[in-house]
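Have a look at the structure below before the remarks.
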Amino acid sequence: MSVILIVGRLRERAIACLQSILTQDCVNELEILLIDLDSSTSPPLPGSDHPSVRMIVMASDTVFSVGRALGVRTAQAPIVVFVEEHCRVHAGWGSALIRAHEAPWSAVGAEIHNGNPHVRLSRTIALMNYNQWLPPATRGEYDLLPGHNSSFKRDVLLSYGEELEELLRTENVLFARMHRDGHRMLLEPDAKFEHINETRLASISSGYYLWHRCYGPMRARVFKWSLARRVLYIVATPVIPLYYLARLTLVLSRKRPALLLQAWLAAPQILVAQYASALGQTIGLLFGMGDAERRFTSYELNEPRPG
């Protein structure tokens, strides 16, 4: 399996991520493609000289979609997995993914743990982003997997040819496209990792705005939305966050009732973050992505996430 890890200025965070990969029991079965966007001003990461690691130096303004697509095309293993540098993979993560891919799944995701659960906002973000994959996650077929941290059959990704960079901008669109194309996806809870979340409401709101400014126009373009559908989403901007909160409540009441009280108590923060999302989508539909992808890449790699 080829692990694609993009790192930036926050080296301590990246060091911990890389070390969690290097201590996997299957490390000799891994090819770790370490894509460094800050090699000109920062020292090499400890562990980058490991025999399983291949260093790839790219310009500091490289966006995620370009770096990840290069990683997929450079990889030598039949399975590729993306890992964010603010994540830590748990023992057995690699072996569980490799085993799962012995079946004809096109993509396999892992159970997500909160990397800084002592921060209240972090728990809210985990609820918004990952509620269906939090422990105890259910092993089974899904039509959506954790973005930026899931694994794929390399040939499936390569089959999208020149579209690959675009689909890797926001993996929700990639998963929707794969689902439409008949690909099957598995959530494997024996594979576990932890994700360090943002700790300030302004921070997560900024990230949501930038991501959805990419997501909105991309989804419309890939799935060939009509003008009427675009206008409907723009007009519905004020009610989309309320719809999100109502849908989250419904999903939790059915599948995770123990998390309902947490969601209700966090409702004001959830609505603020979701209004930032809705605004980003609307601006994207009206004016396109602009420089949002570059700014989101910088945000992901360099935004402090204490804890």
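The values are calculated or read from the model by the stated rules, or taken from the named source; none is laboratory data. Remember, predicted model here, so these are calculated numbers, not experimental data. A quick note on method: Cβ atoms are made from the backbone with ideal geometry, for glycine too, and the neighbour counts reach across all protein chains shown.
Worth pointing out:
- Within the stretch 172-185, the residues that satisfy the criterion of being in contact (Cβ under 8 Å) with a residue 60 or more places away in the chain and crowded, with 22+ Cβ neighbours inside 10 Å are F175, M178.
- Here is the figure for the stretch 103-118: residues that are in contact with a helix residue (DSSP H, G or I) (Cβ under 9 Å, 6 or more places away or on another chain), in contact (Cβ under 8 Å) with a residue 12 or more places away in the chain and either polar (S, T, N, Q) or in a loop (DSSP other than H, G, I, E, B) (or both) total 4.
- For the stretch 185-227, taking the residues that are of a type in the set (V, I, T) and in a helix (DSSP H, G or I), the one that is nearest to L174 (Cα to Cα) is identified as V222.
- Selection status of T124, in a helix (DSSP H, G or I), hydroxyl-bearing (S, T, Y) and more than 14 Å from H90 (Cβ to Cβ): yes
- Selection count where residues are in contact (Cβ under 8 Å) with a residue 60 or more places away in the chain and either among the basic types (K, R) or outside the structural domain of Y130 (by TED's automatic domain parsing) (or both), scope the stretch 33-88: 3
- Some residue of the stretch 248-258 being part of a helix (DSSP H, G or I), buried (at least 18 other Cβ atoms within 10 Å of the Cβ) and of a type in the set (S, T, Y): no
- When the stretch 270-303 is filtered for residues that are over 13 Å from S206 (Cα atoms), in contact (Cβ under 8 Å) with a residue 40 or more places away in the chain and over 17 Å from the mean Cα position of the chain (by Cα), the ones remaining, listed by number, are I270, T282, I283, G284, L285, L286, G288, M289, G290.
- Looking across the stretch 260-307, the residues that are buried (at least 16 other Cβ atoms within 10 Å of the Cβ) and out of contact with any helix residue (DSSP H, G or I) (no Cβ under 8 Å at 6 or more places or on another chain) come down to S298, L301.
- Residues of the stretch 237-250 that turn out to be in contact with a helix residue (DSSP H, G or I) (Cβ under 7 Å, 6 or more places away or on another chain) and under 18 Å from Y130 (Cβ atoms), as a count: 4
- Residue that is farthest from the chain's Cα centre (by Cα) [pool: residues in the stretch 106-126 that are surrounded by fewer than 20 Cβ atoms within 10 Å (Cβ to Cβ) and closer than 18 Å to A137 by Cα]: P117
- Contact map, the stretch 202-226: residues that are without any contact (Cβ under 8 Å) to a residue 60 or more places away in the chain and over 17 Å from E165 (Cα atoms) paired with residues that are part of a helix (DSSP H, G or I) and charged (D, E, K, R), Cβ distance under 9 Å, separation 6+ or inter-chain. Pairs shown: W225/R219.
- Only one entry in L70, L45 is touching a strand residue (DSSP E or B) at 6+ places or on another chain (Cβ under 8 Å) and part of a loop (DSSP other than H, G, I, E, B), namely L45.
- Each residue in the stretch 66-89 was checked for being farther than 13 Å from M1 by Cβ and surrounded by 16 or more Cβ atoms within 10 Å (Cβ to Cβ), and 10 pass.
- Residues of the stretch 127-177 classified as part of a loop (DSSP other than H, G, I, E, B), more than 13 Å from the chain's Cα centre (by Cα) and not aliphatic (A, V, I, L, M), total: 7
- One residue stands out among those in the stretch 1-39 that are in contact with a Ser or Thr (Cβ under 7 Å, 6 or more places away or on another chain) and farther than 18 Å from W93 by Cβ: the one that is surrounded by the fewest Cβ atoms within 10 Å (Cβ to Cβ), which is R9.
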